[in-house]
Amino acid sequence: MLRIGIDDTDSKRTMCTTYVAAQALRELEKNGYRGADLPWLIRLNPNCPYKTRGNAAVCLTIQAKPEDLGRIEEIVVSVVKKWADLESEGTDPGIVYAWAEQAEHLRETYWRALWEILDPKEIRSRCDSLGIRYVQMKEGRGIVGAAAAVGADPESLKTFEAIAYRVPEMWGRERLVDEQSVLEMDGSLALYTFDNYDYEKREVRITPHTPCPVLAGVRAITPEHAEKGLGMVRFYEPIEFHVVFKTNQAGDLHYIPARISDMKPNTSYIVTGVVSSPPTIIPGGHVFVKISDGTGEVTLAAYEPTGSFRRVVQNLVVGDEVLAYGAVKLKPSGPTLNLEKLAVTRLARVTVKAAPPCDICGRRMKSMGQGKGYRCEKCGIKRPDKEPLVVDLERKVSVGVYEVCVSARRHLAMPLKLKSSLRHYQHGQC
Ligand code: ATP
């Protein structure tokens, strides 16, 4: 089996690597080669500064013999040259060809590309030392994503996405999709599909907002449900073709458990901490709160687009214990973790002092001054020894796990509802 990694073929103004890879697969099939697995859509470090949008790369798996390699290379290179937006600055395609056994030696590259920022030079020499062939166009930065996609751990590919592509005449125009049909599809396949619709923002989420060839993508926990979901959506424009990808999306794979002092910018973490200063809200509706874990302090940020999630952050108090998921950015005010999910694991007590009731009549007593006890206005008795009652205030947040709204979610972040769907499905209970 030959794995072919492709990356960095698109720009902000057009194209999408999934489309280029899908065209390469079609061309290979026309030439008699057969796919040995669904194409893989691999998301990498979402904090990568070189990404165009969602930091995606693709790996095709083809049944082939060593003597086919030259012909396969020719086909793939000509497809990439035909479709990649090579005129745009920053489109620097990379293609990697590795036999399945060689690809396993790129496993570490895959994991590191999810967590770190890698140097293309390092990837080139890794491929050279493994005898893995590659092609770089222009600056060839795409070799990083292409090698990582080829080395992707099959165990980490737990979800699927059925992507429909537009006919070229429609690229750049408004996408003609029936919102009601998306709602109906989501309603009937809610257990198996995800991120179809943002109910909080009332927004269709299966269609991108970019001038690329993608019409819509339905994400699901099985290939059948992804395809079925796509088939249920009504489009008022033609579909050129559609492809089902196996993906590493929604697996929470980008998070590294860490202590605050170990966190670095452009990396996504899970960190445990205690709220160390009260939340603040700034104009624009962004909410910030600091946590510390004994090794340092970091600001958690819930920006306006994260929606009602901000209310949870806003209602934290000093002493609450949390598990925060998000990406670290270096801000002038210090390191900030842009929240994607938040588990509130323990709530601090918030108390107020209140006058105690009278032991005789039960009415609330009156204070005789700070530390001087209480008297009852009805019975007339004085109790210099009486202490104030300590009353717990009801908290506006509960212990539990919270996530940002659908439209603010990272491709790699696992929606909360998916955890149980995946568990059930993997145990054959759905
Ligand atoms: P789209 O999602 O629309 O396909 P994109 O967001 O994937 O676009 P690309 O145009 O592929 O963006 O650009 C990402 C670039 O960053 C590629 O050159 C890829 O090789 C490189 N890259 C990806 N992950 C890493 C990483 N962890 N370290 C260094 N470079 C990376």
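The values are calculated or read from the model by the stated rules, or taken from the named source; none is laboratory data. None of these values were measured; they are calculated from a predicted model. Positions of Cβ are generated from backbone atoms using ideal geometry, with glycine treated the same way; all protein chains shown enter the neighbour counts. Accessible surface is based on the protein model in full, side chains and every heavy atom, while ligands, DNA and RNA are left aside. Shrake-Rupley method; radii C 1.70, N 1.55, O 1.52, S 1.80 Å.
Using θ = phi - 60° and the Karplus curve 6.51 cos²θ - 1.76 cosθ + 1.60, what whole-Hz ³J(HN,Hα) does each residue of segment 164-173 get, with Gly and Pro shown as x?
Karplus-based 3J(HN,Hα) across segment 164-173 equals 9, 10, 8, 6, x, 4, 8, 4, x, 8 Hz.
Kindly identify segment 1-152 as rounded, prolate or oblate by the Cα gyration tensor criterion: order the square roots of the eigenvalues as a ≥ b ≥ c, call it rounded if a/c is under 1.5, otherwise compare a/b with b/c, prolate if a/b is larger, else oblate.
Oblate is the answer for segment 1-152, as a/c is 1.5 or above yet b/c matches or exceeds a/b.
Which order do 254, 411, 105, 209 take when ranked by solvent-accessible area (1.4 Å probe, heavy atoms of all protein chains), largest first? Write down the numbers at each step before the final one.
Working: 254 0, 411 60, 105 100, 209 140 Å².
Heavy-atom accessible area, descending, gives 209, 105, 411, 254.
Put 175, 13 in order of accessible area, largest first, 1.4 Å probe: what do you get?
The ranking, largest first, comes out as 13, 175.
Rounded to whole Hz and in sequence order, give me ³J(HN,Hα) for segment 115-129 from the Karplus expression 6.51 cos²θ - 1.76 cosθ + 1.60, θ = phi - 60°, writing x for Gly and Pro.
10, 10, 10, 9, 8, x, 4, 4, 5, 4, 6, 5, 5, 4, 5
For a quick check of understanding: with a 1.4 angstrom probe and all protein chains in place, what accessible area in square angstrom does residue 368 have, to the nearest ten?
My reading of the accessible area for residue 368 is about 60 Å².
Filter the chymotrypsin sites (Phe, Trp or Tyr not before Pro) in segment 227-277 to those in DSSP coil with at most 16 other Cβ atoms within 10 Å of their Cβ, and list the result.
Filter output for segment 227-277: 236.
From the phi of every residue in segment 19-26, what ³J(HN,Hα) in whole Hz does the Karplus formula 6.51 cos²θ - 1.76 cosθ + 1.60 yield, where θ is phi - 60° and glycine or proline is x?
Along segment 19-26, the couplings run 5, 4, 5, 5, 5, 5, 5, 4 Hz.
Would you please give the residues with an amide H less than 5 Å from that of residue 286, counting only those at least 5 places away or on a separate chain, with H modeled from the backbone geometry?
304
What does the C-alpha gyration tensor say about the overall shape of segment 150-232? Classify as rounded when a/c is under 1.5, otherwise prolate if a/b is larger than b/c, or oblate.
Oblate shape, in that a/c is at least 1.5 and b/c is the bigger or equal ratio.
Averaging sequence separations of C-alpha pairs under 8 Å and six or more residues apart, then dividing by the length of the chain, give the relative contact order as a whole percent.
Relative contact order for the chain comes out at 14 percent.
Using a 1.4 angstrom probe on heavy atoms only, work out the carbon and sulfur share of the accessible area of segment 159-247 in %.
Looking at segment 159-247 in its full context, I get 52 percent from C and S.
Show me 69-75, 220-226 ranked by packing, highest mean number of other Cβ atoms within 10 Å first. Walk me through the intermediate numbers first.
Values: 69-75: 14.4, 220-226: 20.3.
Packing order, densest peptide first, comes out as 220-226, 69-75.
Mind checking which lysines have their C-alpha under 27 Å from residue 246, skipping anything on the same chain fewer than 8 residues away?
12, 30, 51, 65, 81, 82, 158, 228, 341, 417, 419
Can you give the accessible area of residue 375, probe radius 1.4 Å, in Å² rounded to 10?
Solvent-accessible area, nearest 10 Å²: 80 Å².
Quick one: pull the percentage of alpha-carbon pairs in segment 210-256 with a separation above 18 Å.
Everything past 18 Å amounts to 40 percent.
If I take every Cα pair under 8 Å that is 6 or more residues apart in segment 2-156, average their sequence separation and divide by the length, what percent do I get for the relative contact order?
Once normalised by length, the contact order is 35 percent.
Whenever you get a sec, line up 97, 192, 50 from highest to lowest accessible area (probe 1.4 Å, protein heavy atoms).
Per-residue accessible area, sorted high to low, gives 50, 192, 97.
What angle, in degrees between 0 and 90 and rounded to the nearest 10, separates the Cα long axis of helix 223-232 from the longest principal axis of the Cα atoms of the chain?
The angle comes out near 90 degrees.
Heads up, I need the accessible area for residue 170: 1.4 angstrom probe, whole protein in place, Å², nearest 10.
Approximately 30 Å² of residue 170 is accessible to the 1.4 Å probe.
Between 0 and 90 degrees, rounded to the nearest ten: what's the tilt of helix 179-188 against the longest Cα principal axis of the chain?
80
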